[in-house]
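Enquirer: Please see the structure below; I have some questions.
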Amino acid sequence: MSKLESLNLSLTNSELEYIETYLNRQANFVELSMMDAQWSEHCSYKSSKSLLTLLPTKGKRVLLGPGYEAGVLDVDNGQILTLHIESHNHPSAIDPYGGAATGVGGVLRDILAIGTRPLAILDSLRFGKLDNPNNKWLLRNVVRGIADYGNCVGIPTVGGEVAFDDCFETNCLVDVVCVGIGKRKNLVFSEAKNPGDVLILLGGKTGRDGIHGSSFASKGLDNVDSDRSAVQIPDPFTKKLIIEATLDALSTGFISGLKDLGGGGLACALSEVSDKGNTGVEVDLNRILLRESNMDASEVLISESQERMLFIVKNGHEIEISNAFAKYDLPYSIIGKVTNTKRVVVKHNGNVIADLPTDLIANAPLLNWPKTKPLYLDSDSSSKPDLPSDIKETILRVLSSPTLASKSWIFKQYDHEVGTNTVVKPGESGASVLRISKEKFIAISVDGNPSHCFLDPYNGAAGVVAESMRNIISVGAEPIAMLDHLQFGNPSNPEVFWTFNETIKAISDFCSYADLPCVGGKVSFYNENVKTNKPIKPTPVISVVGLIKGSNNIRTRKINELYPLIILIGETFDELGGSEYYSIMNCSGSVPKLNFEIEKNTQKLVHDAIKVGLLGAVNDCSKGGMMNSLSQMCMAGNVGVTVDMSKILTSCKRWDDILFSESHSRFIATIKSENYTNLLNISRNYNISFSVIGSVGGDELRILNNDDLIFSSDVNYLSDFVYSSISKIMDDGI
Amino acid sequence: MNVAIIQFPGTNCDIDTHRVFSNLLKVDVSFVWHKENDLTNFDAVVLPGGFSYGDRLRAGVIAAHSPVIQALKNFSLKRKPIIGICNGFQILVESELLPGALLKNSNQKFVCKWVTLKVENNNNIFTNYFKSNSLIRMPIAHNEGRYYVDNEKLDELERNNQIILRYVNSIGNTSIQGNPNGSVSNIAAVSNVEGNVLGLMPHPERASEAILSPDSSTDGIGLFYSMIHSLEVLLKK
C-alpha cells in the first residue's frame, strides 16, 4: 500500500510529487486532505477542462458563463435568470433518499450563492429496468428524496425526464437542474476580493457526513457499505431558513462575496474564493461550530455537511449580517478573514496546521487521456424486427413502456405548483413554462438519450441538444441558453474518453450552429455498472432554457377541436437504431442523423408559425416516434384523433417504422383549415415540408393506412393504460 | 382593511398568498413573523401553507406553540376571520382552533394534483360568493391531509354545518375516487362552530388566476372574495 492509499487519499503519486516540488517541502496530512478534495475530478475537472473550452459560451443574453456557481442570463428590465445543473449519482446509488435530496439541496445552494432566489427544479433520472427490485427501491426513494426536499423548501419541481436502461443497473443517474430569478444589481460572486473582509460560516453545523464525498464521486462505486458515510444528510427545513436569511443578508449591501459549501467542503470553498479574488484567507478551525466532538482538523476541512454558506462580509458590518441570521435562529460563526498573502492558512489551537498557495490548490494539473474509437462502433449489428402481427398489442406495449409512459406517479409526489408561477405543468408538454413577470415567461426542458449516444455518440449528442431545443420551441419560446451534464464511465478507458470527446464536439458544433450558448454544466465520470464492469452508455443530459414574451404565445400539447387539422412537420426516415421500439424488440439499426440546417429551419418555422397564431397545439416528435407524440396529445387534450399514416412524408414502407421512427426535425401540430395556405407559405421560405395527416375529434385515437383502420383505442382507456403503467409496477407489492 | 399573513419558519406559500391579496384583490396585507404576540391591528388573518418546522414531529404541532398563536386565539374570540390553508389548517387543528386531526395521506405519499370540490355550506363568511352545492376546482399539495374525526364528532360537524368543502369526483359525487387522501366523509374544509375560523387543505391562492389553472378556472379567489366582502359589510356597520 502506498503512502497515499494508507492515508485514504485519492491523489496520485505524480500529483503528490507535483505538490511537494511546488511547495519545496513535504505536505502534511491536513494539507494533503485539502488538496485531495480540491484535486478530485469532481472539483477540479482535470480530465475535461481542456475539452470543455470548445463549447460556445457567449451570447447576447449571457452575463456569466461556465465556471461560476451558476450561469447568468439577462432577461431584460434588470431581471436575471440563473441556471445550474448538478448530479448526485454515486450518493443516490447507495443511499437513494439522502443522495437525491442532497442533490437538490446542492443545486439550490448554487443558485442562492449568486444572489438569486431559486424559482424551479427539474430532474433527469435514469435507472436500470423496473423488473429488478433494487431498481424499484432506487426509483421509489430517489423520487421521495427529491419530493421531501423540494416540497419542504417550497421550490416547485416542475418537470424533467425519467428513463430506464440496463446500463444504469447499479449506477443510477440523478441530475437536478435549478433555475433562479433575481435582479442584476444584486448579483454576488464567489470571490474574496478585499483583504480585511470577514469570513462568516452560516448554517448547519459541521459533522462527519460527506467526508471524502467529492473523492468518492471521482472513482468507481466499489464498496457500497463503507462509502455510505460519504453521503451527506439532508435538512430542507434548515435550507429554507438559509435561503431567506441569505437573501435578507444580501439586501443589507454588506456582502462582498458568497460561496456555498458543496463538494470538498470548506477546503474547496476557501481555496476557490481566494483564488478567484486573487487574495488569501486565514481561518481558525476552533471557531467552526461542530456537530460532533473529536473531529480532526482534516475532517473539519473536507466535511461536506449540508446547508452551509460562506459569507465574505465587509469589515465592520458583522453585526448587520448576524442580525439577519438571528431572525431565523440560525447558527453562524466568524471563522477568519481575507488576507493579501495569496495563501490559504488554517490555524488550530493557535498553531498553523496548513499553509498552501491558492493557485496551487485551485489549479490541479490537467490530464489528457488517450482515446480510441470503441470497436463495437465499427461492427455492423443492425437487425430489423419481424413485422409484428398484432398491431394494437405492439402499439400499447411501446406506449406503456416505463420510459415512454406517463410519469404522473412521479410528478404527483412533487409540489409543482408552489410559487404560483407554473403555467405549463408536468405532462402538458415536453418543456415547463414559468411566469417571471406579468407578461414574461421562461420555458425549460431537460433531455438525454443514451441509447442514441451509445450507437452514434456524435449524432446522439447533437440530437439531444436538438430535442431539448424542440421542446422549448414547442411551448412557443425562443431558446436562449443551455446547460450540459456529461456523464460517462472511467476517463482512463480510451474508448470512454473517445466517446466523451465526440460528445463535446457534437454539442459544440450544433450549439455554435444554432447560436445557443452554454452557460454551465457538469462532468461526472466513473459511472459504471459494478456487476458487469462496463461503463454506462454515454449520457450527455442537456437542459435548454427559452424566453416567451406574451401569454398568448404559450402552447402545450393539449389538442382541441378549435384547431381541427393535424399536421406532421418534417420527414420520417428509417432511423430506428436506439429507438424505444427497437430496445423493446431487441433490434439495432442506424441512429437518427441530425441535419443541422434542416433542424434549425424546422425550429424557425414552428417558432414563427406560433408567433403569428397559426398553430394550436404543438408537440415535439422524438422518443417513441410520432405514435408516442400523437398519443401524448390525445391524452393531454382528452379528445380523439383520426390520422392516416399514408399521408406522412416518409420513405419508410412498414407501419412500425413510420410510427416509431425517432427521426429528428419533426413536430406534430394542429391548425385551422383556413390557415393552411399561410403556413405553407412560411414553410416554403424555410424549405421545410409538412403534410396534413388527420383531424381532431371523437373519443378514439385512430390510425388508418389509406382506408384500412389499423389501430383504434378509446382515449380514456389509453390514458388509464399509459398513466397506470408505472404505478402498477411501483405500487404492487415490493 | 388590513390582512395579516403569518410566517412561521418553513412557511412557503406566504409570498403566493400575499400576491393574491395585494395584486389581485388590492387589499392591504402584511407579513407577520411568528414571534409577534399582537394581532389587534388586523381585520383578518391567513395562515398560509408550507412546512413549518419542516413538519418535524407532526405537521403543524411545533408552530402551534409559537407566540403568535395566543394572539390568534384572542383574535378568534373577537370573531374575526381566520383562514388556515394546508399547513395553516394543520396548525389550526394542532392549536385546537379547529376540531379534528390531519393524518398522513392514505396512499402514504405526497399528493399534488387539481381536485374537484363541492361547496357544502355557502352560508358562511368564506364561501358566500359561491352557490350552494357548486363544484369548484383547486389544487392540493400535501403529505398529511387526511382529515379525521370520530363518528360522534362527525355528526356534530354535520349538525352545526361546519363541513364547508368536500372532495368529489368530476360529476360531483362524494365517492372514493374523488377522495385524494382518504379524509373522513371526503372532508376538505371545516370551520369552527362560530364560523369565523376556516381550515382547508386545497390551495385557493393557487387557483386564483386563469393562467395558472389547467381549465382557466379561478374558483380559489372566490374564497378570499367572500371573506373580504363579508368583512367590508361588517366594517361598514
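Enquirer: Failed condition for B:V32, given (1) among the hydrophobic types (A, V, I, L, M, F, W, C); (2) crowded, with 23+ Cβ neighbours inside 10 Å; (3) within 14 Å of chain A (Cβ to nearest Cβ), with all others met?
Expert: (2)
Enquirer: OK, next. Might you check whether a residue that is under 18 Å from B:C112 (Cβ atoms) and within 14 Å of chain A (Cβ to nearest Cβ) occurs anywhere in segment B:178-186?
Expert: Checked segment B:178-186: at least one residue is under 18 Å from B:C112 (Cβ atoms) and within 14 Å of chain A (Cβ to nearest Cβ).
Enquirer: Applying the selection to segment A:499-552, what residues are buried (at least 23 other Cβ atoms within 10 Å of the Cβ) and among the basic types (K, R)?
Expert: A:K537
Enquirer: From A:T372, A:T403, A:T422, A:T341, grab the single residue that is touching a Gly at 6+ places or on another chain (Cβ under 6 Å) and either within 29 Å of A:G264 (Cα to Cα) or β-branched (V, I, T) (or both).
Expert: Every option except A:T341 fails the conditions.
Enquirer: Still on this structure, please answer the following. Hey, could you check segment A:659-700 for residues that are β-branched (V, I, T) and not in a helix (DSSP H, G or I) and say which is farthest from A:T602 (Cα to Cα)?
Expert: Going through the qualifying residues, I end up with A:V696.
Enquirer: Give me the pairs, please: first residue somewhere in segment A:673-693 and at negative phi, second residue anywhere and of a type in the set (K, R), beta-carbon distance under 6 Å, and either six or more positions apart or on two chains.
Expert: A:Y686/A:K604; A:S691/A:K647; A:I693/A:K647
Enquirer: Right, next: So in segment B:42-53, with the set limited to residues that are within 11 Å of chain A (Cβ to nearest Cβ) and more than 11 Å from B:T17 (Cα to Cα), which one is surrounded by the most Cβ atoms within 10 Å (Cβ to Cβ)?
Expert: B:G50
Enquirer: Looking at B:G178 and the list (1) touching a residue at least 60 places away in the same chain (Cβ under 8 Å); (2) surrounded by fewer than 21 Cβ atoms within 10 Å (Cβ to Cβ); (3) in contact with an Asp or Glu (Cβ under 7 Å, 6 or more places away or on another chain), which single condition is not satisfied?
Expert: Failed condition: (3).
Enquirer: Same structure, new question: Scan segment B:59-87 residue by residue and report those that are in contact with a strand residue (DSSP E or B) (Cβ under 9 Å, 6 or more places away or on another chain) and within 14 Å of another protein chain (Cβ to nearest Cβ).
Expert: If the condition is that a residue be in contact with a strand residue (DSSP E or B) (Cβ under 9 Å, 6 or more places away or on another chain) and within 14 Å of another protein chain (Cβ to nearest Cβ), then B:A59, B:G60, B:A63, B:S66, B:I85, B:C86, B:N87 are the ones that fit.
Enquirer: Select from segment A:76-97 the residues that are more than 15 Å from A:N527 (Cβ to Cβ) and either surrounded by fewer than 19 Cβ atoms within 10 Å (Cβ to Cβ) or at pLDDT below 95 (or both) and list them in ascending order.
Expert: A:D76, A:N77, A:G78, A:Q79, A:D95
Enquirer: Could you go through segment B:203-210 and let me know if any residue there is away from every other protein chain (no Cβ under 14 Å) and surrounded by 20 or more Cβ atoms within 10 Å (Cβ to Cβ).
Expert: No.
Enquirer: Given the criterion crowded, with 17+ Cβ neighbours inside 10 Å, at pLDDT below 95 and more than 26 Å from the chain's Cα centre (by Cα), identify the matching residue among A:S2, A:S10.
Expert: A:S10 is the lone residue from the list that is crowded, with 17+ Cβ neighbours inside 10 Å, at pLDDT below 95 and more than 26 Å from the chain's Cα centre (by Cα).
Enquirer: Moving to a separate point now. Checking B:A71 against (1) closer than 18 Å to A:P236 by Cβ; (2) in contact with a Leu (Cβ under 7 Å, 6 or more places away or on another chain), which test does it fail?
Expert: Result: B:A71 passes all but (1).
Enquirer: Right, another one. All but one of (1) under 30 Å from A:H664 (Cα atoms); (2) within 14 Å of another protein chain (Cβ to nearest Cβ); (3) more than 23 Å from the chain's Cα centre (by Cα) hold for A:E439; state the number of the condition that does not hold.
Expert: (1)
Enquirer: Name the one entry in A:T238, A:T246 that is of a type in the set (S, T, Y) and at pLDDT 95 or above.
Expert: Checking each option against the conditions leaves just A:T246.
Enquirer: Let me ask something else. Collect the residues in segment B:12-29 that are buried (at least 20 other Cβ atoms within 10 Å of the Cβ) and away from chain A (no Cβ under 14 Å), keeping them in residue-number order.
Expert: Across segment B:12-29, the qualifying residue is only B:V29.
Enquirer: Same structure, new question: Consider B:R56 carefully, then state whether it is over 13 Å from the mean Cα position of the chain (by Cα), within 14 Å of chain A (Cβ to nearest Cβ) and modelled with pLDDT under 95.
Expert: yes
Enquirer: Picking from A:I334, A:I321, A:I353, which residue would you name as being part of a helix (DSSP H, G or I) and at pLDDT 95 or above?
Expert: A:I321
Enquirer: Return yes or no: is A:I473 part of a strand (DSSP E or B) and at pLDDT 95 or above?
Expert: Judged against the criteria, A:I473 is not a match.
Enquirer: What number of residues within segment A:674-700 satisfy the criterion of being loosely packed, with under 15 Cβ neighbours inside 10 Å and of a type in the set (A, V, I, L, M, F, W, C)?
Expert: Within segment A:674-700, residues that are loosely packed, with under 15 Cβ neighbours inside 10 Å and of a type in the set (A, V, I, L, M, F, W, C) number 1.
Enquirer: Can you tell me which residue in segment B:112-126 is surrounded by the most Cβ atoms within 10 Å (Cβ to Cβ), limited to those that are without any contact (Cβ under 8 Å) to a residue 40 or more places away in the chain and within 20 Å of B:I228 (Cβ to Cβ)?
Expert: Among them, the one singled out is B:N122.
The values are calculated or read from the model by the stated rules, or taken from the named source; none is laboratory data. Values in this document were obtained by computation on a predicted structure and should not be read as measured data. Glycine also receives a Cβ, built like all others from the backbone with ideal geometry; neighbour counts cover every protein chain displayed.
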